[in-house]
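Working notes, structure below.
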Amino acid sequence: MASKNNRGQSIAVNAFMIFVVLVCLFPVLWMCFISVKSVGEKISGFAALTIEHPTLANFGRLFELIPVWTNLFNSGFTTVLGTITTLFFCALAGFAFAKYRFPGRAKLFAFVVATMAISAEAGAIPLFVIMRKMNLINSLWSLIIPRIATAVGIFYLTQYIKDVPDELVEASRVDGCREFGIFWRVVCPVIKPALASWASLTMIARWNDYFWPLLFLNKNSKYTLMVSVSMLPVSDGLATPWQVILAGCTLVILPAIILYLLMQLMQKAGSFSGAVKG
Amino acid sequence: MGRRKAAAPSAVKKGGVLATVWKYRAPYLFIAPFFILFLVFQLIPVIWTFVISFADWNGLRNLRWVGFHQYEVMFQDYMFREAFMNNVWYWIVAVIGVVVIALMIAVCLNSPRLRAKKVFQTVTFLPYVCASVAMGLIFMMLFDENAGLINEIIVSLGGKRRAWLGSSQYAKIPVIILFIWRIVPWFTIIIYSGLLNISKEYYEAATVDGAGVLQQFWYITIPLLKNILFFCALTVTIDIWKMFNESYTLSGPGTSNTSLFQLVYENGFKSFNLGYASALSVILILVLLVISMIQYRLRRSEEGV
């Protein structure tokens, strides 16, 4: 009786998960399929699932419609620089909160946590005016500077740095390390796994960022790839073929997936679950 | 560390605030960037939003103070009412949908009966990696009335073709499906890490006592995950009230599936009615404030126990 029950459970669990995997993968695979179909081929309904003449022509057409290389550079620039600056400043603040006892520490930390509730989107209107005053409209820095130090990042890295032994910090202080030196040469190497998982989450979020680039950038040559692709349906006089639009989607989604899979391969199991503990 | 803590009060006495700041200059300097950026790019804009909401302004010149006029307009505006109600609908569906689905996936991932756990873990996280805007374009085509696969499947199962994005009746459905599809993996991981913290002994004891799987789930898993599930519900709430990408890419007729934040964007940056857009933002801020107050209250009461 018991073993029969177990078997039933085992089938139920595995079948459900296979179904979930199909739901997760299907839209992405379907996108890849259509993006390599020639424009003449039928893409409606089930016909989308067969490819007769695989072609890369849609990607070629994409390069004619939007400045792909420029947009790609813009996306890469904001993603990489945004991630590096955020990691550095969040870790630095996390180090201060975790390893120093200074007046107001607990209150300031509670304040940082509290700021997570009201997001920057709530002040989008004046933020645009401020950016214009600072001459940052149409500058990629407008996407990097406001998020140099984020509350979530500080919160996560503080929790992690707390686990670094105090003795390690004290010992390097005795050895004559300056305060910043302790952070850079002692703490940073120890928290590498946390930095790596936070880096991958930040990179994915920045790459996928849409609202802020849409708001702060309004020139073709300054758009990130995400904004350019979102405008594909109207970029060819409303006649952009779906194959080309989905080629654009492939171009923004595949790098993120590849990055994610690489990170998964490099990291040990469960590193993402560590990233969001608490 | 202890030595530094003990020294703090005397420093305050001797040289006042400046001396204290100087003494602890390293940590203050390290946390300063966050507070400066928060002030300039978050606090000032939020306060300023309240100020602009009492004005009529196109963003350049002609700023005119109009008192509560924008709010009067807003409460008469059916577009505001529709967007607000849309958001309430999105909120209810998303909280229930995300928490239930994420919990189911997390429990299965944690089940000892699941094979190739690592593969499932990796693949089920994928939707979160995909950009919502690009997925929006894909969903637009999947849900197309004539050429879309969804209708094709419904018809082949004997159902009726529906104008998903072309009718105000159904336009919210693709939006919320996209939102849930993309966000569930994130919460799956949070719940999964909560499940990992539950001691196996509980389940072993329950099995010995003859409790079935469903009973174990209901009487052990759910109560022990209560806090985490609540945290998930709150996070989904915050995310859904500032949802933009999904409803913006999959926009239906009129304001049939517009989110409140999307309405802010359209009033502010398409018709440059910054005063009105700010008044809408104020509603959004109030909603977020109420949510965070609930969260704070509950956290307090839990700490008290």
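Taken together, the values in this text are just the output of simple stated rules run on the coordinates, not laboratory data. Computed from a predicted model, the values in this text were never measured in an experiment. Ideal geometry is used to build each Cβ from the backbone, glycine not excepted, and the neighbour counts take in all protein chains shown.
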Seminar exercise, completed: Checked segment B:78-304 with the C-alpha gyration tensor, a ≥ b ≥ c its square-rooted eigenvalues, rounded below a/c of 1.5, otherwise prolate if a/b is larger than b/c and oblate if not; verdict oblate
Problem set entry | Dipole magnitude (debye, nearest 20) for chain A, charges at Cβ of Lys, Arg, Asp, Glu | 500 debye
Exercise. Where does each of A:ARG206, A:ARG185 land when they are ranked from fewest to most other beta-carbon atoms within 10 angstrom?
Worked result: A:ARG185, A:ARG206
Problem set entry | Protection proxy ranking, peptides A:114-127, B:201-214, B:23-36, average beta carbon neighbours within 10 Å, highest first | A:114-127, B:23-36, B:201-214
Exercise. Counting alpha carbon pairs within less than 8 Å and at least 6 residues apart, what relative contact order, in whole percent, applies to chain A?
Worked result: 29 percent
Exercise. Once you average over the residues of B:138-146, how many Cβ atoms of partner chains fall within 10 Å of each Cβ?
Worked result: 4
For this session: Could you work out the relative contact order of chain B, using alpha carbon pairs under 8 angstrom and six or more residues apart, expressed as a whole percent?
Result: 27 percent
Exercise. Which of the helices in chain A, when you take each full DSSP H run, stretch at least 18 Å along the axis at their Cα atoms and have an average Kyte-Doolittle score of 0.0 or higher?
Worked result: A:2-35, A:68-99, A:192-208, A:242-266
For this session: Using θ = phi - 60° and the Karplus relation 6.51 cos²θ - 1.76 cosθ + 1.60, list the HN-Hα couplings for segment B:49-54 in order, rounded to whole Hz, with x at every Gly or Pro.
Result: 4, 4, 4, 5, 5, 9
Seminar exercise, completed: Rounded to whole angstrom, the alpha-carbon centroid of segment B:237-302 lies from that of segment B:108-130 at a distance of 32 Å
Problem set entry | Most positive-pole-ward Cα, B:VAL100, B:PHE34, B:SER168, against dipole of chain B from beta carbon charges | B:PHE34
Exercise. In segment B:53-82, which trypsin sites (Lys or Arg not before Pro) are in a loop and have at most 14 other Cβ atoms within 10 Å, using DSSP for the loop call?
Worked result: B:ARG61
For this session: Divide by every residue of chain A the summed helix terms, -39500 (n - 2.57) for each DSSP H run of at least 4, and state the resulting mean residue ellipticity at 222 nm, rounded to the nearest 500 deg cm²/dmol.
Result: -21000 deg cm²/dmol
For this session: Select from A:ILE245, A:ILE154, A:ILE18 the residue whose mean-square fluctuation is largest in a Gaussian network model of chain A (Cα-Cα springs shorter than 10 Å).
Result: A:ILE18
Seminar exercise, completed: Row for chain A, column shape: gyration tensor on C-alpha, a ≥ b ≥ c, rounded if a/c < 1.5 i.e. under 1.5, prolate if a/b over b/c, else oblate; value oblate
Exercise. When a footprinting reagent is the concern and you count Cβ atoms within 10 Å, what order do B:LYS270, B:LYS242 take, fewest first?
Worked result: B:LYS270, B:LYS242
Seminar exercise, completed: Across A:PRO103, A:PRO255, A:PRO27, the residue with the highest GNM fluctuation in chain A (Cα network, 10 Å cutoff) is A:PRO103
Problem set entry | Test item: B:96-106 mean partner chain Cβ contacts at 10 Å | 1
Exercise. Where the only charges are on Cβ atoms (+1 Lys, Arg; -1 Asp, Glu), what is the dipole of segment B:78-304 about its Cα centre, to the nearest 20 debye?
Worked result: 100 debye
Problem set entry | Relative contact order computed over segment A:1-140 (Cα-Cα under 8 Å; 6+ residues apart), in percent | 13 percent
Problem set entry | Average beta carbon contacts from partner chains per residue of A:100-108, 10 Å cutoff | 6
Exercise. Of all the C-alpha pairs in the protein assembly as shown, what % are more than 33 Å from each other?
Worked result: 50 percent
Exercise. Which whole-angstrom value gives the distance between the alpha carbon centres of segment B:158-235 and segment B:65-107?
Worked result: 21 Å
For this session: Would you mind ranking B:CYS108, B:CYS130 by Cβ crowding within 10 Å, fewest neighbours first?
Result: B:CYS108, B:CYS130
Exercise. Which of the aspartates and glutamates could be linked to A:LYS42 by a straight reach, that is with a Cα gap under 18 Å, when you skip same-chain ones fewer than 8 residues away?
Worked result: A:GLU52, B:ASP144, B:GLU145, B:GLU152
For this session: State whether segment B:10-104 is rounded, prolate or oblate according to the following rule on the C-alpha gyration tensor (a ≥ b ≥ c being the square roots of its eigenvalues): a/c under 1.5 gives rounded; otherwise a/b larger than b/c gives prolate, and the remaining case gives oblate.
Result: oblate
Exercise. If you take the charge dipole of segment B:174-243 about its Cα centre, with +1 on Lys and Arg Cβ and -1 on Asp and Glu Cβ, which of B:ALA206, B:TRP186, B:MET243 is farthest toward its positive end?
Worked result: B:MET243
For this session: Please get the size of the charge dipole for the protein assembly as shown, origin at its Cα centre, with Cβ charges of +1 on Lys and Arg and -1 on Asp and Glu, quoted in debye to the nearest 20.
Result: 1720 debye
Exercise. For segment A:136-168 and segment A:108-128, what is the separation of their C-alpha centers, rounded to whole Å?
Worked result: 14 Å
